[in-house]
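What follows is a set of notes on a single structure, which appears directly below.
Values quoted throughout were computed directly from the atomic coordinates according to the rules given, and no laboratory measurement underlies them. Just so you know, these numbers come straight off a predicted model, no measurement behind them. Cβ sites come from the backbone with ideal geometry, for glycine too, and all protein chains shown count toward neighbours.
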Amino acid sequence: MGLRVALRGKRVYFDAMVFIYLVEGFAQLGRALDEIRDSLESGEAEAVTSELTLCETLVRPFAANNAALVTRYRQFIEASGAFALLPATRETYVRASLYRAQFGLKTPDAIHMASAVGAQCQVFLSNDAAIRAPREIRVVPMRGG
């Protein structure tokens, strides 16, 4: 099953790394990135991410004093209208603690997963195929659905 098909008609949580690949490019994932872009442009999937994504994606551009890249990320994530941008709530942090305990996730991954589940996403799109998740959400690796 193709990646675009796996996302179609779903509420999809976009892990932070997906944004790095979409904004900066990554040749090895060219086909997957095209499918994701097509899905976003056509509105086939409802795209969601956490405000934590801003923190994670802006670190390297800020460290490199790359204001243009900071602007590209912020426009894509915040201003494009393609994504529902979720704040982390107290309940998100409690759920993230549970996922750290249950699945051994690192704190950022646990917050992303907790945000996805809290937002009732059906799909968690990530390049981390080994990430563990609760039953109510399906992890879809970028390399295919």
*Work from the charge dipole of the stretch 1-129 (Cβ charges, +1 for Lys and Arg, -1 for Asp and Glu, about the Cα centre) and give the residue of Leu85, Gly104, Leu52 farthest towards its positive end.*
Gly104
_Listed residue (Val94, Leu22, Leu40) projecting farthest to the positive dipole end of the chain, Cβ model_ = Val94
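Work out the length of the dipole vector of the stretch 30-79 about its Cα centre, built from +1 on the beta-carbon of each Lys and Arg and -1 on the beta-carbon of each Asp and Glu, and round it to the nearest 20 debye.
Working: 5 positive and 9 negative charges, 77 e Å.
Dipole about the Cα centre, nearest 20: 380 debye.
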*If you take the square roots of the eigenvalues of the alpha-carbon gyration tensor of the stretch 44-122 and sort them as a ≥ b ≥ c, do you get rounded (a/c under 1.5), prolate (a/b over b/c) or oblate?*
oblate
_Apply the Karplus curve 6.51 cos²θ - 1.76 cosθ + 1.60, θ = phi - 60°, to the phi angles in the stretch 70-83 and return the couplings in whole Hz, x for Gly and Pro._
4, 4, 4, 4, 5, 5, 5, 7, 8, 9, 5, x, 7, 10
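How much length would be gained if the chain were fully extended between Ala129 and Arg31, taking 0.36 nm per residue of separation minus their Cα-Cα distance, in nm to one decimal? Intermediate values should be presented prior to the final figure.
Working: separation 98, 0.36 × 98 = 35.28 nm, distance 1.71 nm.
Computed gain between Ala129 and Arg31 is 33.6 nm.
Note down the magnitude of the dipole of the stretch 16-145 about its Cα centre, charges +1 on Lys and Arg C-beta and -1 on Asp and Glu C-beta and zero elsewhere, to the nearest 20 debye.
Details: 13 positive and 14 negative charges, 95 e Å.
That gives the stretch 16-145 a dipole magnitude of about 460 debye.
Subtracting the Cα-Cα distance from 0.36 nm times the residue separation, let me have the gained length for Glu56 to Gln75 in nm, one decimal. List each step's numbers first, then the result.
Values: separation 19, 0.36 × 19 = 6.84 nm, distance 1.52 nm.
Extending this stretch completely gives an extra 5.3 nm.
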*Report Rg (one decimal) and Dmax (nearest whole number) for the chain, counting Cα atoms only, units Å.*
14.5, 41
*With all distinct Cα pairs included, what does the Kirkwood hydrodynamic radius of the stretch 1-75 come out to in Å, to one decimal, could you say?*
13.1 Å
